[in-house]
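Data first, discussion second: the structure below is written as structure tokens.
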Amino acid sequence: MPTQTKHLIIDGNNIGRALGDIAMVWRQDRDAGQHAVVGFVRDWHDAMGWRVTTVFDGKGAALSVETPGDEPTFVVAYAPRGMTADSVIEQWVEKSRAPELCVVATRDRALAETVRALQAEVISPEDLISWVSRAREVTRRSINRASDSAW
């Protein structure tokens, strides 16, 4: 039986305001801050092979789902107006066939409690920074190995 892929779900607004340099960008330009969050978590997706979904608070009448680079395993979603990203995340974890494979990155206590009760794992913004640093190290080593074998 094939192994199921883990799913990292990012509470985009919460994480965007919690990550040092990205938080500074966020305060000046929310769209640029959102773009920075997506770029930051892409490193984890690309290096580790997990599904990654970043959910932001809404900007339209309906749920908006984008796949940057046309990669179905890398998703950016915007909650519909009148609904929070937290609510979307809770629903996705609840409807997941394997909620125990979901990892939610947030500092929001209420969201964390809800998704833990649904069997998802929760990581803090600081944990996410460590995870992405680890992914970048994996990528760096892979590039170095490829470069060494080319010589």
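Quick note: the coordinates plus some simple rules give every number you see, no bench work behind them. Keep in mind the model is a prediction, meaning the values are calculated, not measured. No Cβ is skipped: glycine too gets one built from the backbone with ideal geometry, and neighbour counts run over all protein chains shown.
Quick look at the values:
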| quantity | calculated |
| --- | --- |
| Point-charge dipole on Cβ atoms (K/R +1, D/E -1) for the stretch 7-150, about Cα centre, debye to 20 | 100 debye |
| In degrees, nearest ten, helix 125-150 long axis to first principal axis of the chain (Cα) | 30 degrees |
| Rounded tilt (10° steps) of 85-95 against the dominant C-alpha axis of the chain | 80 degrees |
| Neighbourhood charge, 12 Å Cβ-Cβ cut-off, centred on PHE40 and excluding it, Lys, Arg +1 and Asp, Glu -1 | -1 |
| Under 9 Å, Cβ to Cβ, from ALA85 - net charge with Lys/Arg +1 and Asp/Glu -1 | -3 |
| Cα-based helix-to-principal-axis angle, 30-48 vs the chain, degrees rounded to 10 | 50 degrees |
| Antiparallel DSSP beta bridges within the stretch 7-150, percent to nearest 5 | 15 percent |
| Span from the the stretch 6-85 Cα centroid across to the the stretch 107-123 one, whole angstrom | 18 Å |
| Virtual spin-label span in nm between ARG97 and THR5, 7 Å along Cα→Cβ | 1.3 nm |
| Evaluated at q = 0.17, 0.18, 0.22 Å⁻¹: base-10 log I(q)/I(0), Debye formula over Cα of the stretch 7-150 | -0.93, -1.04, -1.48 |
| The stretch 1-144, relative contact order [Cα under 8 Å, separation at least 6], % | 25 percent |
